[in-house]
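Shown next, in structure tokens, is the structure this report addresses.
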Amino acid sequence: MAKVTTIIDIGSNSARMAIFQKTSRYGFHLIHELKSKVRISEGSYENNSYLQPPAIQRGIDALKEFKHISKTFKSKKLICVATSAVRDAPNRSEFVSRARKECGIDIKVIDGKKEAYFGALACANLLHNKNGVTIDIGGGSTELACIENGEIKRTISLNLGSIRLKELYFDHDKIKDAYKFARKYVKENIGEIKEFCQDSKLSENLAMFGIGGSIRAFAKYEMDLENYMFNFLHGYELSSERILRHLEAIVAASNKELREMGFEDSRLDSIRPGLLILQVIIEELNAKKLIISGVGVREGAFLNDMLRNHKGKIPNNINPSVRSLQDIFLTNVNDSKNIIKRVRVLFSLLRERYGLKKHFLEELEIAGKLYNIGTNFNFYQAHKHSAYIALHSLNYGLSHKQRYTIATLIEYSAKKRPKFSEEDSKLLPNFEILGILSFILALSAAVAKEDSIKFELRKNVLCAITSSLPVSQILQDITLPKLESMPSLEFEIIRVG
């Protein structure tokens, strides 16, 4: 596969370009992104789905610009897909032909099932939750897909989109009619999804994975309401109870009220119909929470190409963001391997005593893999740089809580006891547990170059047995966790030889 790949997605509302760079077999990251509000569907729903000349010209102009930018990044492969508005248009061949002749771009017009598959492929590989239903609300259609244990099981496409509803109902101030139509249409057309959720028991605590501009705009609004400590959309979670309290008010709001809520002008005409669709489907499926996906059709098209010989799945033990950061920044792979080796030993020794859950080992291992990536920036402050990079670059496959836990472990593993605020407590495990995890990572990092050291747990004493004087002196500086409600822990360094 090409090292740099460009993906273009022509939706009903916007045309978007994403450029990805591969760093190794499964490691990759986004290096550029651009959106153009082409509105390829403008006027089409009132004209028997025909693409209108001004909209076609806007599309061609955007594609020319995208192609130019792609070349500046030395992209070796360009994949362009078009969805609802183009596939529904009787005159789509005119647009496709012009794109080939004037832009040198071959557009693949994908059907609704393929569009749903691409969105689901991105979520299944790049979200932390592997069980749920994707909902991708576009301008002309809405796609749903069932994911179970990371496998895509069902996909459907609904002829129900934000711009379609806008032009048919909202532009004529017929919001009640829009509700009636959407509810009736959804009820009649998502039986296959409901049936799978019930049979597979996904419906018992159903999570929906929200894709699309309307959902992302809504998530930003919710983040502002709660003064959320991060600006990471991908992986942000909302309870349905909270969502439904706000959706109806937004759908009924005027443009002035939407601006006062903080919605951008570019979203004013599509946000209300888009969120109406979200509300109806959440209620119909009785979903319990919504997880925001920052990935969708573009990432799905990229992964479809990258994983074409791997059955569309990144192996469970590989995180593409972790792999990419290691590929770019890690200079001493052996140290990283030794840290992880010690982490596993110490975790095994302390797990039962402190009731450490299995997922904490995964977070410790990732922290160990990334512990030294900041060395290239400043050796003496490497832990701070590593923590910052981890927090802001672990984009895929991890929840916000996992990202913050990993970054905190790295930052406070340099002989310090972690410091916390009330705000921190929302995204971190129990502070005493975190202290134990931090202690494990600190010990593991301190002995990364020492092959002969052994650890043993003797009652409530963790013993480090070593013949190295420098290592024993380093270990003496590591702070024990402060444990008030858990069994005490003592640490003893035993010199031998």
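Brief remarks on what is shown
- A Cβ distance below 6 Å, combined with a sequence gap of six or more or placement on separate chains, defines the contacts here; from region 407-429, residues that are at pLDDT below 80 reach residues that are surrounded by 13 or more Cβ atoms within 10 Å (Cβ to Cβ) and not in a loop (DSSP other than H, G, I, E, B) in the pairs Ala414/His383; Pro418/Leu434; Pro418/Ser438; Phe420/Phe431.
- Residue under evaluation Ala207, criteria (1) open to solvent by 40 Å² or more (accessible area, probe 1.4 Å); (2) modelled with pLDDT of 95 or more, criterion not met: (1)
- Of everything in region 177-209 that is of a type in the set (Phe, Trp, Tyr) and in contact with a strand residue (DSSP E or B) (Cβ under 9 Å, 6 or more places away or on another chain), the residue that is farthest from Asn149 (Cα to Cα) is Tyr185.
- Restricting attention to region 293-324, the residues that are more than 15 Å from Glu143 (Cα to Cα) and β-branched (Val, Ile, Thr) add up to 3.
- Just one of the listed residues (Ala207, Ala178) is among the aliphatic types (A, V, I, L, M), farther than 26 Å from Leu78 by Cα and in contact with a Pro (Cβ under 7 Å, 6 or more places away or on another chain), and it is Ala178.
- Residue under evaluation Glu423, criteria (1) assigned to a helix (DSSP H, G or I); (2) open to solvent by less than 70 Å² (accessible area, probe 1.4 Å), criterion not met: (2)
- Scanning region 81-111 for residues that are open to solvent by 60 Å² or more (accessible area, probe 1.4 Å), in contact (Cβ under 8 Å) with a residue 24 or more places away in the chain, farther than 23 Å from Ile156 by Cβ and touching a strand residue (DSSP E or B) at 6+ places or on another chain (Cβ under 9 Å) turns up just one, Asp106.
- Take the conditions (1) over 18 Å from the mean Cα position of the chain (by Cα); (2) in contact (Cβ under 8 Å) with a residue 12 or more places away in the chain; Asn125 misses just one of them, which is (1).
- When Asn125, Asn131 are screened for being open to solvent by 20 Å² or more (accessible area, probe 1.4 Å), touching a helix residue (DSSP H, G or I) at 6+ places or on another chain (Cβ under 8 Å) and either at pLDDT 95 or above or not assigned by the TED database to the domain that holds Arg272 (or both), only Asn131 passes.
- Pairs, first closer than 13 Å to Leu462 by Cα in region 338-349, second in a helix (DSSP H, G or I) and of a type in the set (Val, Ile, Thr), C-beta under 8 Å, six or more apart: Leu346/Ile440; Phe347/Ile440
- Within region 157-178, residues that are among the charged types (D, E, K, R) sit with their Cβ atoms under 7 Å from residues that are open to solvent by 40 Å² or more (accessible area, probe 1.4 Å) and modelled with pLDDT of 90 or more, at 6+ positions apart or across chains, in these pairs: Asp177/Tyr169.
- For region 224-245, a residue qualifies if it is among the hydrophobic types (A, V, I, L, M, F, W, C) and under 20 Å from Leu126 (Cβ atoms), and the qualifying residues are Phe230, Phe232, Leu233, Leu238.
- For the criterion of being of a type in the set (A, V, I, L, M), open to solvent by 20 Å² or more (accessible area, probe 1.4 Å) and not in a helix (DSSP H, G or I), Ile493 passes.
- Inside region 443-476, residues that are in a helix (DSSP H, G or I) and either open to solvent by 10 Å² or more (accessible area, probe 1.4 Å) or hydroxyl-bearing (Ser, Thr, Tyr) (or both) make up a count of 10.
- Matching entry among Asp173, Asp136 (being assigned by the TED database to the domain that holds Ala207, out of contact with any His (no Cβ under 6 Å at 6 or more places or on another chain), open to solvent by 10 Å² or more (accessible area, probe 1.4 Å) and under 22 Å from Pro320 (Cβ atoms)): Asp136
- Contact map, region 54-80: first residue at pLDDT 95 or above, second residue open to solvent by 70 Å² or more (accessible area, probe 1.4 Å), Cβ cut-off under 6 Å, separation 6 or more or different chains; pairs are Ala55/Glu42; Ile60/Glu102.
- Matching residues, region 31-61, being within 19 Å of Ser270 (Cα to Cα), polar (S, T, N, Q) and not in a loop (DSSP other than H, G, I, E, B): Ser36
- Residue check for Gly150: assigned by the TED database to the domain that holds Gly274, crowded, with 24+ Cβ neighbours inside 10 Å and touching a residue at least 40 places away in the same chain (Cβ under 8 Å): no
The values are calculated or read from the model by the stated rules, or taken from the named source; none is laboratory data. All values reported here derive from a predicted model rather than from experimental measurement. Neighbour counts are summed over all protein chains in view; Cβ atoms, including those assigned to glycine, are modelled from backbone coordinates with ideal geometry. Accessible surface areas use protein heavy atoms only, side chains included; no ligands, DNA or RNA. Shrake-Rupley method; radii C 1.70, N 1.55, O 1.52, S 1.80 Å.
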